[in-house]
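Chemist: Once you've had a glance at the structure underneath, I'll fire off some questions.
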Amino acid sequence: MTRHLHISLGPVQGFVAQARRTRDLWGGSYLLSLLSAHAMTGVRAAGGKIIRPLVDDDPLLQWVERGHNDDDAPPQLGSLPNQFTAEIHDDADPSVVAAAAKRGFEAAWRRICEKVWQNDLAELAPRLGRDTGKIWQRQTEQFWELVWVAGDPADSGALERRKRWRTHRLPEEAGDKCTVMPELQELSGYTRATERALQDAFWSELRGRLGERELRPRERLCAVAFVKRRYAYVARAAIGGSLDVKAWPSTIDVAAVLWSQRALAAAGRELDAYASDVVVHAIDDPRTGGVSRLLPEGVRDARAANLGANWFHASFVASPRLAVLDDESARKPLYDRLRAVARLPDGRGGTLGLPPIYYALLLADGDRLGELVKTLGGDTVSRALASFTAGVRDIVRDHHGVAVYAGGDDVLALLPIQRALDCAQALEQAFRRAFEDKPATLSAAVVFAHARSPLGRVLAEAHRLLDEVAKDGNGRASLAAGVYRGDATAVQWVTTWERPVAHGPPRPAIVCLQDAAREMESRRGRLSSSLIHDLRRILGLLCGDASITPGSFATPPDGVDVAALIKAEILHRLDHDDASDPEVQRLTAIVEDLLGRSPRSQADRSPRNHPDPGGKNEPRQLGIDGLALASFLANDGREDEHQP
Amino acid sequence: MKLQLAAIDTWFFRDSTPFHMNDSPQTGVVGMFPPYPATVAGAVRAALARQAGWDGQTRWRDELVAVLGDGPADLGRLQITGPFLLCDGAPAFPVPRHVVGSDEGGAAWTPKALLRPGRHEVASDLGPGARLPEAPVDSGDRCASLLEPGAGWWLTLPGLRRVLRGELPQPQELLREGELWATEPRVGIQRKRNSRTVEDGALYSTRHVRPSPRVTLGVALDGAPPSWCIADSVIPLGGESRLAACQPWNSAPEAWFNPPGRDARTAVVVALTPVLLDAAAPRHELVIPGARIVSACIDRPLRIGGWDSQARTPLPLRNAAPPGSVWFCELVDPAAFHAAVVNGLVRAGAGTAAGFGLCATGSAPTWETRK
């Protein structure tokens, strides 16, 4: 006879999502996976068997368990979730097994914190800080929580019930707060309002040692944020193997990768010459390597490929505050050279322009996993998820992105905007394949965000799109996509993976979107962005104001022939008067196919999403955001300064 | 003295996120609503002091200190109740977290069950004696563990009274948060004096709150002289130089509740304002006279701090159970419990003089107690 022991490590949201940069996001996610691996190791050593998720073949857990030498680098991607279920014998004391899990992860965390402290703070803190050691000890000892509950194998809701009673309490924190994790005190121990010079002295010296790329001006961190930022640099001592974090792509690097690839192919010599000049004049080494990490092998070593993508943005180069040079007289020639690169031919009939400033953050997870476990059994679900996870990294890489986390049914990745939706579709198909023909679906959210938007906000927006829009709002098995601009959602679109179209069977939503985007490209397309504005205005008049806010759908009055309305607008724009012209009909269908809402029917729980526009007895609803998203993609996420 | 505070334009109440010039908190600064009790208490104390002749700059004279206290921890003779969110002048409360339901495909959240302590103790990190909250077996939903609290929903006063009697709220007793207030992103700049263009890097973003015209804040004050009345005035409230129109709050129903009967062995306690938790208590939990907590429905704690304007230093960040938190208690000393309850309300935790820790008590749902 056996019992199930459910274990959960936290706090997850605060630890992972509070990230200033992409490397912090990966760092928090990876560290949590690593600590989870140590907790699992403790459980297995105490006689428990991890049954959910299936981890026997997990590379990170295998690496932690086998002990390793200097040549055995750990996997570089977090793959273990923060909660798991173990099977224990009926007469085993669950508190003993849980204590073994706790000892395992606490020992690993303690070792990591000690190494970071010794490497970066041990000498400086007593000299320049106030009670820095006490702050460090308090925060590192009291940050984590491990909750556990043991129960009957048939009781799958025990952990959810335990989580209804949140008991984790961070310690009381006095003083000024961390600029990344504001619920914890910053490490200097001084108050800025009355002890600014002392506080600045602490952080200035630390910044001088670590470099401004590692600790930005105005950053003042708590112990937990500091460990998250720095542990990878002491990984060999702290965790037993090296982690490669030197060239982690930033959001700007991710946004620029496809442009870089195109530019290197079309104007490699000019780009390399520009890169050489930048290296000569930039005060801080501009060769961050983030873009090159995402490029194919053949072009990765080009000089320009290793340049931080910031240097391909004109506003950055023009700013003495952002792009610090050894000689101000070099700024204008650099700027002019960059502009000249932008005017070079791109080999496709146009000019290169400058890179997009928008990138995509993709978040995906399986739908109703709890119910799936009940109907299919835990073993079947775990095996399918393991199969899905094994392929995620390659799928993301094939789309020129970087996976931040892939474990269980969860995926978090950063991608260039032109490949993000294809990647989402590929993940959805892989998820269904992993479950063969069993009733399992995946939902995803893609946020197209400005590269300088706060990363925590973008991640929060992705969670909102996934949970509230794709899942709760559209019935799951859905994709929600949004454009996040200036701290607000400018466009919000949701659809089932396949959607009903004007003529013929349902089509993949991504294809409908790409058809429209192609027709909206400024050089070649036949649909202008003014069509969107006019349709928005007309729908607003017909349906009321509800139709003109991001994410909204509205019901036109009975009898309105939407196709005829669209056709009239297109004819007007093309200065055409033949409504039967096949080209006009094709363009009309492209627009109409994106206007309708495509929720998953509430009545239909079948595994393949059955688009059900408005439901069987519900009138058709229309919204403009699909077209607005297509227009954004057609423009490649460029702001005015990036136009050639 | 009962006051109703109405927003003039928007309000900005910030959480603990650092908000200094030349700092760049990585998520920007998000406004919150309703404000914490200490924020309203501070604004009201300052307004009372000005009414009594304070010039707004110098330290309070002894006469003011005797009534209003001195500093953030000492409120003198004042006892503040609230703030409450008012809709059409009547108080509304976050849906208690033991009310769980579901929303299917974008439809409104529908309450379906009241959680209560499970019948059996469960082995967990909570230790012996703790029982996890669970839905009754007759809740009518095969996936009771998937039912969620009504985040983003509020209850009218009759609705909360109904819940504390052990019944589910009626649809007309539920208020959607989106209908009560909206958030507005704002961008602030610092301009150069000579060119009136933006200083390089001098840009910040906040999110203000615009309450619906139906929504105000209600607060009751005891301990101030009647002549220090601040009704029919405009007072600063919150950050970014936002203002509130202060009016008498006379017409609203009193927020009273029916406590458990004298022979009851169980009680349900629901937080109406944030409850500052005691770091020394077991599990940092609530201490209620005469009651032993056997289960609870509590979300992640709020982190509440503030600014000590006298010492010019941040106040310590402390943990607080959010409004809507629920504790299921067994009455080990009913007399002590009932002595602490007035009109079905009990104050618990720290900072109760400033409005923290106000809880409503109820008689249901009940559950089988253990010896």
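The values are calculated or read from the model by the stated rules, or taken from the named source; none is laboratory data. In this text, all values refer to a predicted model and were calculated from it rather than measured experimentally. Counting neighbours? That spans all protein chains shown, and the Cβs are built from the backbone with ideal geometry, glycine included.
Chemist: Report whether or not A:GLY189 is assigned to a loop (DSSP other than H, G, I, E, B), closer than 17 Å to B:PRO316 by Cα and facing chain B (nearest Cβ under 7 Å).
Modeler: For A:GLY189, the condition - assigned to a loop (DSSP other than H, G, I, E, B), closer than 17 Å to B:PRO316 by Cα and facing chain B (nearest Cβ under 7 Å) - is not met.
Chemist: Further question: Contact list please: Cβ distance under 7 Å, first residue in the stretch A:293-320 and free of Cβ contacts under 8 Å to residues at least 12 places away in the same chain, second residue part of a helix (DSSP H, G or I), pairs at least six apart or on different chains.
Modeler: A:ARG300/A:SER292; A:PHE316/A:ASN310; A:PRO320/A:GLU328
Chemist: Considering the stretch A:1-28 alone, what residues qualify as being touching a Phe, Trp or Tyr at 6+ places or on another chain (Cβ under 6 Å), at pLDDT below 95 and crowded, with 24+ Cβ neighbours inside 10 Å?
Modeler: Matches in the stretch A:1-28: A:GLY28 only.
Chemist: Within the stretch A:193-221, take every residue that is within 11 Å of chain B (Cβ to nearest Cβ) and touching a Pro at 6+ places or on another chain (Cβ under 9 Å) and give me the one that is surrounded by the fewest Cβ atoms within 10 Å (Cβ to Cβ).
Modeler: Looking at residues that are within 11 Å of chain B (Cβ to nearest Cβ) and touching a Pro at 6+ places or on another chain (Cβ under 9 Å), I get A:ALA193.
Chemist: When the residues of the stretch A:124-166 are filtered to those that are within 12 Å of another protein chain (Cβ to nearest Cβ) and β-branched (Val, Ile, Thr), which remaining residue is surrounded by the most Cβ atoms within 10 Å (Cβ to Cβ)?
Modeler: Step by step, filter the stretch A:124-166, then rank; the result is A:VAL149.
Chemist: Does A:ARG169 meet the test of being over 23 Å from A:ALA237 (Cβ atoms), surrounded by 23 or more Cβ atoms within 10 Å (Cβ to Cβ) and either within 9 Å of chain B (Cβ to nearest Cβ) or small (Gly, Ala, Ser) (or both)?
Modeler: Criteria not met by A:ARG169.
Chemist: Can you tell me how many residues within the stretch A:362-398 are within 14 Å of chain B (Cβ to nearest Cβ) and touching a residue at least 24 places away in the same chain (Cβ under 8 Å)?
Modeler: Residues in the stretch A:362-398 being within 14 Å of chain B (Cβ to nearest Cβ) and touching a residue at least 24 places away in the same chain (Cβ under 8 Å): 8 in total.
Chemist: Against the definition (farther than 27 Å from A:GLY211 by Cα, hydroxyl-bearing (Ser, Thr, Tyr) and modelled with pLDDT under 95), how does A:SER95 come out, yes or no? Spell out how you get there, then give the answer.
Modeler: On the way: farther than 27 Å from A:GLY211 by Cα: yes; hydroxyl-bearing (Ser, Thr, Tyr): yes; modelled with pLDDT under 95: no.
Criteria not met by A:SER95.
Chemist: Hey, could you check the stretch A:65-87 for residues that are modelled with pLDDT under 95 and of a type in the set (A, V, I, L, M) and say which is surrounded by the fewest Cβ atoms within 10 Å (Cβ to Cβ)?
Modeler: A:ALA73
The rows are residues; the columns are (1) in contact with a strand residue (DSSP E or B) (Cβ under 6 Å, 6 or more places away or on another chain); (2) in a loop (DSSP other than H, G, I, E, B); (3) at pLDDT 85 or above.
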position: B:LEU175; (1), (2), (3): yes, no, yes
position: B:GLY178; (1), (2), (3): no, no, yes
position: B:VAL187; (1), (2), (3): yes, no, no
position: B:GLY218; (1), (2), (3): yes, no, yes
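Chemist: I'd like the full set of residues that are more than 22 Å from the chain's Cα centre (by Cα) and not in a loop (DSSP other than H, G, I, E, B), limited to the stretch A:205-237.
Modeler: Within the stretch A:205-237, A:GLU205, A:LEU206, A:ARG207, A:GLY208, A:ARG209, A:LEU210, A:ALA223, A:TYR233, A:VAL234, A:ALA235, A:ARG236, A:ALA237 meet the criteria.
Chemist: Please determine, by comparing only the residues of the stretch B:74-115 that are crowded, with 24+ Cβ neighbours inside 10 Å and assigned to a loop (DSSP other than H, G, I, E, B), which one is farthest from the other protein chains (Cβ to nearest Cβ).
Modeler: My answer is B:VAL95.
Chemist: Can you confirm whether A:ASP277 is modelled with pLDDT under 90 and either part of a loop (DSSP other than H, G, I, E, B) or more than 27 Å from the chain's Cα centre (by Cα) (or both)?
Modeler: Taking the combined requirement at face value, the residue does not satisfy it.
Chemist: Do we have any residue at all in the stretch B:324-335 that's surrounded by 18 or more Cβ atoms within 10 Å (Cβ to Cβ), part of a loop (DSSP other than H, G, I, E, B) and at pLDDT 95 or above?
Modeler: yes
Chemist: Which residue out of B:SER241, B:SER325 is among the polar types (S, T, N, Q), more than 14 Å from chain A (Cβ to nearest Cβ) and either on the phi > 0 side of the Ramachandran plot or in contact (Cβ under 8 Å) with a residue 12 or more places away in the chain (or both)?
Modeler: When all the criteria are applied, what remains is B:SER241.
Chemist: Considering only the stretch A:172-186, state which residues are touching a residue at least 60 places away in the same chain (Cβ under 8 Å) and more than 7 Å from chain B (Cβ to nearest Cβ).
Modeler: Answer for the stretch A:172-186, where residues must be touching a residue at least 60 places away in the same chain (Cβ under 8 Å) and more than 7 Å from chain B (Cβ to nearest Cβ): just A:MET181.
Chemist: Kindly evaluate A:GLY482 against the criterion of being closer than 22 Å to A:ARG21 by Cα and at pLDDT 95 or above.
Modeler: Answer is yes for this residue.
Chemist: Quick one: count up the residues across the stretch B:290-314 that are hydrophobic (A, V, I, L, M, F, W, C), surrounded by 20 or more Cβ atoms within 10 Å (Cβ to Cβ) and closer than 23 Å to B:ASP74 by Cα.
Modeler: 2
Chemist: Show the residue pairs that are 6+ apart or on different chains and have beta-carbon atoms under 6 Å apart, the first residue being within the stretch A:238-253 and assigned to a helix (DSSP H, G or I), the second being aromatic (Phe, Trp, Tyr).
Modeler: A:ALA238/A:TYR231; A:THR251/A:TYR359
Chemist: If the requirement is being in contact with a helix residue (DSSP H, G or I) (Cβ under 9 Å, 6 or more places away or on another chain), away from chain B (no Cβ under 12 Å) and hydroxyl-bearing (Ser, Thr, Tyr), which of these qualifies: A:THR489, A:THR495?
Modeler: A:THR495
Chemist: Name the residue, out of A:LEU354, A:LEU363, A:LEU372, A:LEU334, that is among the hydrophobic types (A, V, I, L, M, F, W, C) and assigned to a strand (DSSP E or B).
Modeler: Only one candidate passes the filter, namely A:LEU363.
Chemist: Could I ask something else about it? Considering only the stretch B:231-253, state which residues are part of a loop (DSSP other than H, G, I, E, B) and either within 26 Å of B:PRO94 (Cα to Cα) or at pLDDT 90 or above (or both).
Modeler: Listed by number, the residues that qualify are B:LEU237, B:GLY238, B:GLY239, B:ARG242, B:TRP249, B:ASN250, B:SER251, B:ALA252, B:PRO253.
Chemist: Which of (1) at pLDDT 85 or above; (2) touching a Pro at 6+ places or on another chain (Cβ under 9 Å) does A:PRO505 not meet, given it meets every other one?
Modeler: Single failed check for A:PRO505: (2).
Chemist: So which of B:ALA135, B:ALA123 is buried (at least 19 other Cβ atoms within 10 Å of the Cβ), at pLDDT below 90 and either at the interface with another protein chain (Cβ under 10 Å from one of its Cβ atoms) or within 30 Å of A:PHE553 (Cβ to Cβ) (or both)?
Modeler: B:ALA135
Yes/no per residue for (1) among the basic types (Lys, Arg); (2) out of contact with any Phe, Trp or Tyr (no Cβ under 9 Å at 6 or more places or on another chain):
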residue	(1), (2)
A:ARG192	yes, yes
A:GLU205	no, yes
A:GLY208	no, yes
A:GLU214	no, no
